[in-house]
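The values are calculated or read from the model by the stated rules, or taken from the named source; none is laboratory data. Here the structure is a predicted model, which means the values were calculated and not measured. Cβ sites come from the backbone with ideal geometry, for glycine too, and all protein chains shown count toward neighbours. With ligands, DNA and RNA removed, areas are computed over all heavy atoms of the protein, side chains included. Shrake-Rupley method; radii C 1.70, N 1.55, O 1.52, S 1.80 Å.
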Amino acid sequence: HHQDISQIDNSLKTNIFHYDLLLQNIDRTLNNTNMLYDAQNKLYCFDYTSSMTMRFVLKNNTYKYSEIFGKQIKKHPFYQDDISIDEFRTKIESISPETILDIIQEIPDTWLLQLNQENDCHQIVNVIWNNLVERINQVGLIGENLQSLKSIKLETEEELKTRVSKNKQLFIDKFGKL
């Protein structure tokens with residue numbers, strides 16, 4: 001069941017943000033928390049289909065930071081300007097390659113094959129594992145990106161409404177009403 005995210009312990013909020021930052025999970029927002037509690041009140045975070053890291057890891061590419069990503073991650077419900085870069089770096093660097101491999105090996109084979117039909121599951125796991133370990137080794141760069149978030153300006157609700165309205169009118173002018 002869904003619960004008010006204000007009830008989540010601040011330390012856990014920071015952990016969730018750190019891992020979403022590492023995985024560049026851009027779609028956890030106040031309107032789309034992708035978190036559920038089970039009957040024992042255990043919190044589960046899910047839906048990493050918008051994880052830019054995972055998308056690039058699966059394609060064996062390196063993802064470069066952009067301001068577009070910065071704007072999206074700054075909308076994260078647990079983002080705060082005063083998040084410690086050192087705490088982030090320490091937490092992420094403490095993840096062992098073995099732990100990453102254990103987690104990846106929990107992914108069902110059918111999911112892995114849907115992601116990449118050109119390789120067998122063992123090869124897919126190795127690609128994901130090697131790229132995630134490399135990503136963790138770049139934690140200093142990610143920390144610099146975290147620092148740059150402070151200077152990114154987000155649209156206000158009014159600015160968003162104005163932009164959406166303008167784009168809607170441009171669409172209607174070009175294509176007519178649907």
Please turn the phi angles of region 100-113 into ³J(HN,Hα) values with the Karplus equation 6.51 cos²θ - 1.76 cosθ + 1.60 (θ = phi - 60°), one per residue in order, whole Hz, x for glycine and proline. 4, 4, 4, 5, 4, 5, 7, 5, x, 3, 4, 5, 4, 5
If I ignore ligands, DNA and RNA and count only protein heavy atoms, how much of His76 is accessible to a 1.4 Å probe, in Å² to the nearest 10? 10 Å²
Positive-pole candidate from Gln80, Val127, Ile104, dipole of region 69-135, charges at beta carbon: Gln80
At 222 nm, what value in deg cm²/dmol follows for the chain if DSSP H runs of at least 4 each add -39500 (n - 2.57) and the sum is divided by all its residues, to the nearest 500? -17000 deg cm²/dmol
Can you compute the radius of gyration and Dmax for region 115-178, using only the Cα atoms, both in Å? 21.6, 52
To the nearest 20 debye, what charge dipole does the chain have about its Cα centre, counting +1 at the Cβ of each Lys and Arg and -1 at the Cβ of each Asp and Glu? 940 debye
Convex hull per residue volume in Å³, alpha carbons only, for region 11-135: 129 Å³
Which percent of the accessible area of region 57-175 is formed by carbon and sulfur heavy atoms (probe 1.4 angstrom)? 51 percent
Integer Hz, Karplus 6.51/-1.76/1.60 couplings in order for region 139-149, x for Gly and Pro: 4, x, 5, 4, x, 4, 5, 4, 4, 6, 4
Taking the convex hull of the alpha carbon atoms in region 6-53, what volume per residue do you get, in Å³? 76 Å³
